[in-house]
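Working notes, structure below.
The values are calculated or read from the model by the stated rules, or taken from the named source; none is laboratory data. Computed from a predicted structure; not experimentally measured. Don't worry about glycine lacking a Cβ; one is built from the backbone with ideal geometry, like all the others, and counts go over all protein chains shown.
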Amino acid sequence: MLEILPTIRQWWSDGHRVALATVVATRQSTPLPAGAVMAINDEGAVVGNISGGCVEGDVHRIAMDVISDSIPRMVDYGITDDTAWSVGLMCGGELDVVVAPIEANDAAIAAIIAATEEERAVALVTKLPSQAPDLAHGQSGDAVDQVCRLAVWADSAAGSLGDAGLDHAAIADARGMLQQGLSGIRHYGPSGQRRADDVAVFMGSFVAPAAMYVFGAIDFAAALCRVGGHLGYRVTVCDAREVFATRERFPDADDVVVDWPHRFLSSAPIDERTVVCVLTHDPKFDVPVLEVALRSPAAYVGAMGSRRTHEDRLARLREAGLDDKELSRLRSPIGLDIGARTPQETAVSIAAEIIAERWGGSGRPLRATDGAIHRDR
């Protein structure tokens, strides 16, 4: 959601009308999870996606109708529907999509847009239409009642679902889901009663980009910056050598810092989504920074080097006081075995290992595995 907001704001500034399509529920295997969004303007321009290309064309058509008459629609795509096959949803899954107009004066959307530069985690809470989609005619998009939205941060909220009691209950639950980065549907009574299910509310969590810290101002770091940005990380390159750590050499990095790696990382924000990649090849740099990283809550810590370098590095880290549990977190030599040689290939190898670590992937070819392709973790 956060990445499409600047475009929506520009569309509004240019006088366009806009519709927002949101995946509010998925069942079985679907390309993208609940919370995926796509915006469409009155000229047919599109930003974002909701199914990796499977149903976007049909949703685009419905969105143009929504923009024309300002009436929200809800549509269900499933493997049992003939339309699901015709629009390309052949993966065996089902998804429910709400398509609704969004105006520049929508308090929830406007509040989220205003906070994008602050990179604050936010939940967009949407009161779902009371009319369920007609599966026999869902391909046309069933007209539903107006969509109410609420933006929720850890310490504030904007907008309303139409009832103070419902707002109160939804805000409390949205903050809990936001803390865990979860999205999903909750049910309440009309005024937020916990043991009723008259009202369905979709809560989509949108968190600020996770940090990727790359240490070592070398060609491999430049390639990793580019891939890290594609994966949605906020990438920082750090090196103590001022002549190498320059914006000109790392145009794809969000930040370039000249400092001793361990000193920088000791004061940098680190959480359970943070990625640390040490590419320095120099014990005086990489051992101190790895000591900090391996004792942090970072999700991934990797270090480049040969197997001999790795063994020497482990010995130095043990001398520094790290135990076996801490050392077991170190991914070294960094990356998956895909035969990478060039900086660009190595960046792909590292990115693949980061993704596997995030979702619990095996790193094996999919043809050699069975079970679900898309993992939840």
Exercise for review: Go through the range 238-269 and give me each residue that's within 20 Å of residue 350 (Cα to Cα), part of a loop (DSSP other than H, G, I, E, B) and touching a strand residue (DSSP E or B) at 6+ places or on another chain (Cβ under 6 Å).
Suggested key: 250, 253, 254
Check your understanding: What is the residue count in the range 224-258 for residues that are surrounded by fewer than 20 Cβ atoms within 10 Å (Cβ to Cβ) and among the small types (Gly, Ala, Ser)?
Key -> 2
Review point. Which numbered condition trips up residue 50, out of (1) assigned to a loop (DSSP other than H, G, I, E, B); (2) modelled with pLDDT under 80; (3) buried (at least 16 other Cβ atoms within 10 Å of the Cβ); (4) within 21 Å of the chain's Cα centre (by Cα)?
Key: (2)
Check your understanding: When both residues are 6+ apart or on different chains and their Cβ atoms are under 6 Å apart, which pairs have a first residue that lies in the range 350-373 and is on the phi > 0 side of the Ramachandran plot and free of Cβ contacts under 8 Å to residues at least 24 places away in the same chain, and a second that is in a loop (DSSP other than H, G, I, E, B) and loosely packed, with under 14 Cβ neighbours inside 10 Å?
Key -> 360/375; 360/377
Review point. Are any residues in the range 214-237 over 14 Å from residue 348 (Cβ atoms) and among the β-branched types (Val, Ile, Thr), and if so, which ones?
Key: 214, 218, 235, 236, 237
Check your understanding: If you go through the range 2-17 one residue at a time, do you hit one that is under 23 Å from the mean Cα position of the chain (by Cα), crowded, with 16+ Cβ neighbours inside 10 Å and closer than 13 Å to residue 97 by Cα?
Key -> no
Practice item. For the range 150-165, enumerate the residues that are buried (at least 19 other Cβ atoms within 10 Å of the Cβ) and under 18 Å from residue 120 (Cα atoms). Key: 150, 151, 152, 153, 157, 158, 159
Revision key, fill the gap. Among strands (runs of 3 or more DSSP E) entirely within the range 146-195, at least 2 residues that are small (Gly, Ala, Ser) occur in 157-159
